[in-house]
Amino acid sequence: MTFSMTDMARKAQIASRQLARLSSTQKITVLERIAELLVHNTDEILKANQQDIQAAEANGLAAAMLDRLRLSPKAIEDIATAVRDIAGQQDPVGTISSIQRRPSGIEVGKMRIPLGVIAMIYESRPNVTIDAAALCLKAGNAVILRGGKEALHSNLALAKCIETALQENGLDSSAVVVVPDPDRAIMNELMTLNQYVDLIIPRGGEGLIRFVSENSRVPVIQHFKGVCHFYVDDAADLDKALNLLNNGKVQRVSACNSLETLLVHQDVAAQFLPLAAKMFKQNQVKIHACEQSIKYFDDAEPASEADWDAEYLALEIAVRIVDDFDAAIAHIDQYSSGHTEVIATQDYSRAQQFIRSINSAVVMANASSRFSDGGELGLGAEIGISTSKLHAYGPMGVESLTTEKFIVLGDGEIRQ
């Protein structure tokens, strides 16, 4: 059977019009059925995932990517739970805000509406297939899912659950589709279909996101790399800071909200860095240290300029001693990817100054960078963490997948 990306996109656009008119109750019914089917089909999904894992291991896929690719019964249950959570969220579509009466007599407001057709281009993570589909359905959008070749069998097995739920509820199955051909040329074609596709969201490695951003004719929201910084201020509680560093760096290194750079105020470096060194050694964390900090570690490598830009996604971190608060801000300003930045300090005014000064998508005081996640921030599942400031910034939930139209209510008024 010949596959046509253009035909798939055209059908998705037609299906999106049906989705845009669904009631909140209809959306809930479909999403709850998807969750049921995921659990019911766990064995089939795991068999498909095992095919992908075996191929990925044979092809030498990086450990961080393998971690993102691997599913388990608990992982599938967690994905199903996320779908149920999305089903239970407030539906933003159709809500009206900012009603005001104009001097002319007309009433003007704004109504939330779906974006239309969204294309997701992503790597490794099969859970993105379900999270993206569920969020787009809740927001009344059709979605085209182009995952990486390493997860193709997993993605198709997951998509079968969605297709079944749509068909059982009398909906067009073209509303959610996984591109069955991982060929790069297919992705290139998808990026040209601006007559059918309203938004592309790339989620994956730096190379993928740069390629999509530079070559797409369709508007793009970037989910760029997470060069997340942790600054230990001279007013920090060092025990709390050590716990935050441990959690942010060690808990799950393959996550984009894991820490990649540690900045330490020079006045507490002699106290804090030996504690950090001990913790890093216990967890086998590789260290790239600046000239001033390298003496605190037994086996650190000298940090290069490239290390300040690096997203390691591994048990690896860059360490720098800074002169003061302003120097920490300057470092983050220069090297931030716009994802997540954290300060440890017991000085309230310093914490507020940090929050005001840094304009990354998520800025924290005395909390782990691992909280930079849609679920932890109250959004439920997320379609990703946007590092683009236009339209959406930070974790993107259901409302971020809608826009607003103006509505006008009159009683025969005419413009004079």
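The values are calculated or read from the model by the stated rules, or taken from the named source; none is laboratory data. These figures come from a predicted structure and were not determined experimentally. FYI the Cβ positions are ideal-geometry reconstructions off the backbone, even for glycines, and counts take in every protein chain you see. What goes into the accessible areas is simple: the full protein's heavy atoms, side chains included, and nothing from ligands, DNA or RNA. Shrake-Rupley method; radii C 1.70, N 1.55, O 1.52, S 1.80 Å.
Residues in segment 358-366 include none that are closer than 25 Å to L145 by Cβ, crowded, with 22+ Cβ neighbours inside 10 Å, touching a residue at least 24 places away in the same chain (Cβ under 8 Å) and touching a helix residue (DSSP H, G or I) at 6+ places or on another chain (Cβ under 8 Å). Could you please let me know if E163 is among the acidic types (D, E), at pLDDT below 95, open to solvent by 10 Å² or more (accessible area, probe 1.4 Å) and over 16 Å from S400 (Cβ atoms)? It is false that E163 is among the acidic types (D, E), at pLDDT below 95, open to solvent by 10 Å² or more (accessible area, probe 1.4 Å) and over 16 Å from S400 (Cβ atoms). Taking the criterion of being assigned to a loop (DSSP other than H, G, I, E, B) and more than 10 Å from P395 (Cβ to Cβ), the residues of segment 364-379 that qualify are N366, A367, S368.
Confirm whether N247 is surrounded by fewer than 18 Cβ atoms within 10 Å (Cβ to Cβ), part of a helix (DSSP H, G or I) and touching a Ser or Thr at 6+ places or on another chain (Cβ under 7 Å). Break it down stepwise before answering.
Working: surrounded by fewer than 18 Cβ atoms within 10 Å (Cβ to Cβ): yes; part of a helix (DSSP H, G or I): yes; touching a Ser or Thr at 6+ places or on another chain (Cβ under 7 Å): yes.
Considered against the rule, which asks whether it is surrounded by fewer than 18 Cβ atoms within 10 Å (Cβ to Cβ), part of a helix (DSSP H, G or I) and touching a Ser or Thr at 6+ places or on another chain (Cβ under 7 Å), N247 comes out as yes.
Tell me, yes or no, whether segment 215-225 has at least one residue that is closer than 19 Å to S360 by Cβ, of a type in the set (S, T, N, Q), open to solvent by 30 Å² or more (accessible area, probe 1.4 Å) and not in a strand (DSSP E or B). Yes, that holds for at least one residue. Scanning segment 183-200 for residues that are under 21 Å from the mean Cα position of the chain (by Cα) and modelled with pLDDT under 95 yields a count of 1.
Of all residues in segment 60-87, those that are under 30 Å from S16 (Cβ atoms), at pLDDT below 95 and among the small types (G, A, S) total 1. Residues in segment 386-413 that are in a strand (DSSP E or B) and among the polar types (S, T, N, Q) were compared, and the one that is surrounded by the fewest Cβ atoms within 10 Å (Cβ to Cβ) is T403.
Just one of the listed residues (L46, L22, L66) is under 22 Å from the mean Cα position of the chain (by Cα), among the aliphatic types (A, V, I, L, M) and either outside any loop (DSSP other than H, G, I, E, B) or surrounded by 19 or more Cβ atoms within 10 Å (Cβ to Cβ) (or both), namely L66. Looking across segment 132-154, just one residue is in a helix (DSSP H, G or I) and either at positive phi or among the acidic types (D, E) (or both), and that is E150.
Rundown of residues vs (1) assigned to a loop (DSSP other than H, G, I, E, B); (2) open to solvent by 40 Å² or more (accessible area, probe 1.4 Å), yes/no style:
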position	(1), (2)
L156	no, yes
Q167	no, yes
V177	no, no
Q195	yes, yes
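Inclusion of V363 among residues that are closer than 14 Å to H229 by Cα, of a type in the set (V, I, T) and touching a Cys at 6+ places or on another chain (Cβ under 9 Å) is not warranted. Can you confirm whether A310 is within 18 Å of V250 (Cα to Cα) and crowded, with 21+ Cβ neighbours inside 10 Å? Taking the combined requirement at face value, the residue does not satisfy it. The listed residues are G109, G105, and the only one of them that is over 25 Å from I186 (Cα atoms), in a loop (DSSP other than H, G, I, E, B) and open to solvent by less than 40 Å² (accessible area, probe 1.4 Å) turns out to be G105. Out of segment 290-313, which residues are in a loop (DSSP other than H, G, I, E, B), touching a residue at least 40 places away in the same chain (Cβ under 8 Å) and not acidic (D, E)? Across segment 290-313, the qualifying residues are A310, Y312, L313.
Only a single item in (1) of a type in the set (D, E); (2) within 20 Å of S173 (Cα to Cα); (3) open to solvent by less than 20 Å² (accessible area, probe 1.4 Å) is not met by D52, and it is number (2).
Screening Q13 on (1) open to solvent by less than 50 Å² (accessible area, probe 1.4 Å); (2) over 28 Å from L199 (Cβ atoms); (3) among the polar types (S, T, N, Q) shows it passes everything except condition (2).
Mind listing whichever residues of segment 197-214 are assigned to a helix (DSSP H, G or I) and open to solvent by 50 Å² or more (accessible area, probe 1.4 Å)? Selection gives E206, G207, R210, F211, E214. Mind listing just one residue for me: the one in segment 126-146 that is open to solvent by 10 Å² or more (accessible area, probe 1.4 Å) and free of Cβ contacts under 8 Å to residues at least 60 places away in the same chain and, of those, nearest to E413 (Cα to Cα)? This residue is R146. If the condition is being within 15 Å of S368 (Cα to Cα) and β-branched (V, I, T), then segment 215-259 contributes V227, V232, V250, V253. Screening I329, I383 for residues that are in a loop (DSSP other than H, G, I, E, B) and in contact (Cβ under 8 Å) with a residue 12 or more places away in the chain leaves exactly one candidate, I383.
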